[in-house]
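> One structure, pasted below without further comment.
The values are calculated or read from the model by the stated rules, or taken from the named source; none is laboratory data. It should be emphasised that the depicted structure is a prediction, and the values quoted were computed from it without experimental measurement. Cβ placement follows ideal geometry from the backbone for every residue including glycine, while neighbour counts extend to all protein chains displayed.
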Amino acid sequence: MTAPQGAPPLPPPSANGATGPQSVPQPEPKTEPRASRPLPRAASRGHLRTRISGIRTALISGIAVLVVVVIFVIQNANAVNISFLGAHLRVSLAVALLLAAIAGALIMTAAGTARIAQLRQVMRRDRRKAPPA
């Protein structure tokens, strides 16, 4: 079997006895790089991010989270006793866990807000100290 004109010569048969086209690597076809070809106008428009698309994404995500929360509440409906700083409550396990998660999120939000305020203060101070250009 001979190689076509301009193609590299075929390799010798393999030691394990494999033959046929599966043992011969095929050369990649030469194509023009994608960066040099202009993109069609309609294809580039599909990646446009607008407020409406952001709202739609947030709405879909919110609905998915709501479904998960409803399933969580239904599966954890049994009541539990909670004692905290002298207060004694009897609430659903799901409600107790959701309240704990909300409290944790509020604490993290407060810490993040404090850090952002601190960084803004440092940036303002550095801007005042910088000599005019």
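> Gly86: at positive phi, at pLDDT below 85 and more than 23 Å from the chain's Cα centre (by Cα), yes or no? If you could, list the steps in order and put the result at the bottom.
Values: at positive phi: yes; at pLDDT below 85: no; more than 23 Å from the chain's Cα centre (by Cα): yes.
In short, no.
> Can you tell me which of Ala94, Ala105 is modelled with pLDDT of 85 or more and among the small types (Gly, Ala, Ser)?
Ala105
> While we're looking at this one, here's another question. Those residues that are touching a strand residue (DSSP E or B) at 6+ places or on another chain (Cβ under 7 Å) and outside any helix (DSSP H, G or I), I need them from the range 89-133; list them, please.
Listed by number, the residues that qualify are Leu89, Arg90, Val91, Ser92.
> Then there's this: Tell me yes or no: at least one residue of the range 74-83 is out of contact with any Pro (no Cβ under 6 Å at 6 or more places or on another chain), modelled with pLDDT under 90 and in a helix (DSSP H, G or I).
yes
> Among Thr57, Thr31, which is at pLDDT 85 or above, of a type in the set (Ser, Thr, Tyr) and either under 19 Å from the mean Cα position of the chain (by Cα) or in a loop (DSSP other than H, G, I, E, B) (or both)?
Exactly one of Thr57, Thr31 is at pLDDT 85 or above, of a type in the set (Ser, Thr, Tyr) and either under 19 Å from the mean Cα position of the chain (by Cα) or in a loop (DSSP other than H, G, I, E, B) (or both), namely Thr57.
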